[in-house]
Amino acid sequence: MTTRLDDRDPLSPRAQEIVAAARELLDEAGTAGLSMRRVAERGGIRAPSIYKHLPDKEALEDAVISDGFVELAAAFSTAQSASDPLAALAISFRQFALAHPGLYRLMTERPLRRDRLAPGAEEAAAAPVVAAAGGDEHLARAVWAFAHGMAILELNGRFPPGADLDAAWERGIASFSRSAVSPSSGRARPGGRG
């Protein structure tokens, strides 16, 4: 996708091509298949040429992760107008993880170096979740953690054969949707708090 949120940290057109080649490799071979040599081959350039555009493999990974957050934010943007935004966000989250397992793992399986991401990338993906959680950042984190746990367990084949994962996702998100509503009044609590 290689879309930038703003011009504060722009990638050159060639760097964007390198990121796109890295994303293709992640989709095909996962994180283990991501090397500067393989990215160079995929991009039709010599490996040393990559370093003119991205100083090291970490910079490449950070650019790819930023790109993933921008794509996830775009997927989430349509969910905000749904009748049940939390459910729509969960569906988008799951679809993204299943469609891009290598990218998803790169984005989530180690500490996130936020200072190395494109400005605003992570925030763009988080904002729709916070909004769907009624502004309650704690609920938004819980929803994100639930979605990540479900997604990574599904990607890793950790559910029993025949498990109805659609039902598990629905049940989990329904419990979060109910937690943002006051049990006594049935009205949404400001910020999801009681």
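The values are calculated or read from the model by the stated rules, or taken from the named source; none is laboratory data. Everything numeric in this text was worked out from a predicted model, so none of it was measured. All Cβ positions, even for glycine, are placed from backbone atoms using ideal geometry, and neighbour counts span all protein chains on display. With ligands, DNA and RNA removed, areas are computed over all heavy atoms of the protein, side chains included. Shrake-Rupley method; radii C 1.70, N 1.55, O 1.52, S 1.80 Å.
Would you mind checking the tilt of helix 121-132 against the longest principal axis of the Cα atoms of the chain, expressed as 0 to 90 degrees and rounded to 10?
10 degrees
For region 115-185 and region 63-86, what is the centre-to-centre distance using only Cα atoms, to the nearest Å?
Measuring centre to centre over Cα atoms gives 12 Å.
Would you work out if the chain is rounded, prolate or oblate? Take a ≥ b ≥ c from the square roots of the eigenvalues of the alpha-carbon gyration tensor; rounded if a/c is under 1.5, else prolate when a/b is larger than b/c, oblate otherwise.
Here the chain falls in the prolate category.
Ignoring ligands, DNA and RNA, what accessible area per residue does the chain give at 1.4 Å, in Å²?
Using a 1.4 Å probe on heavy atoms only, each residue of the chain averages 52 Å².
Karplus couplings for region 81-86 from phi (6.51 cos²θ - 1.76 cosθ + 1.60, θ = phi - 60°), rounded to Hz, Gly and Pro as x?
Working through the residues one at a time gives 8, 6, 5, 10, x, 5 Hz.
Any chance you could run the full-extension gain for Arg178 through Thr31? It's 0.36 nm times the residue separation minus the Cα-Cα distance, nm to one decimal.
Result for the pair: 49.2 nm of gain on full extension.
So for region 1-112, considering every pair of alpha-carbon atoms, how many percent are separated by more than 24 Å?
Every Cα pair in region 1-112 considered, those over 24 Å come to 28 percent.
What does a probe at Glu137 reach in region 101-118, counting residues whose amide N is under 19 Å from the point 7 Å along Cα→Cβ?
112-117
Given a cut-off of 19 Å, what percent of all Cα-Cα pairs of region 70-159 lie beyond it?
Every Cα pair in region 70-159 considered, those over 19 Å come to 37 percent.
Where the only charges are on Cβ atoms (+1 Lys, Arg; -1 Asp, Glu), what is the dipole of the chain about its Cα centre, to the nearest 20 debye?
Around 280 debye, computed over the chain.
Ignoring ligands, DNA and RNA, what percent of the accessible area of region 47-148 is carbon or sulfur (1.4 Å)?
Reported share for carbon and sulfur atoms: 57 percent.
Can you compute the modelled spin-label distance between Tyr51 and Asp164, with each label point 7 Å from Cα toward Cβ, in nm?
5.6 nm
Taking DSSP loops as anything outside H, G, I, E and B, show the longest stretch in the chain free of trypsin sites (Lys or Arg not before Pro) there with at most 12 other beta carbons within 10 Å.
In short, 53-112.
Starting from 0.36 nm per residue, how many nanometres of slack lie between Arg171 and His148 once their C-alpha separation is accounted for?
Computed gain between Arg171 and His148 is 6.8 nm.
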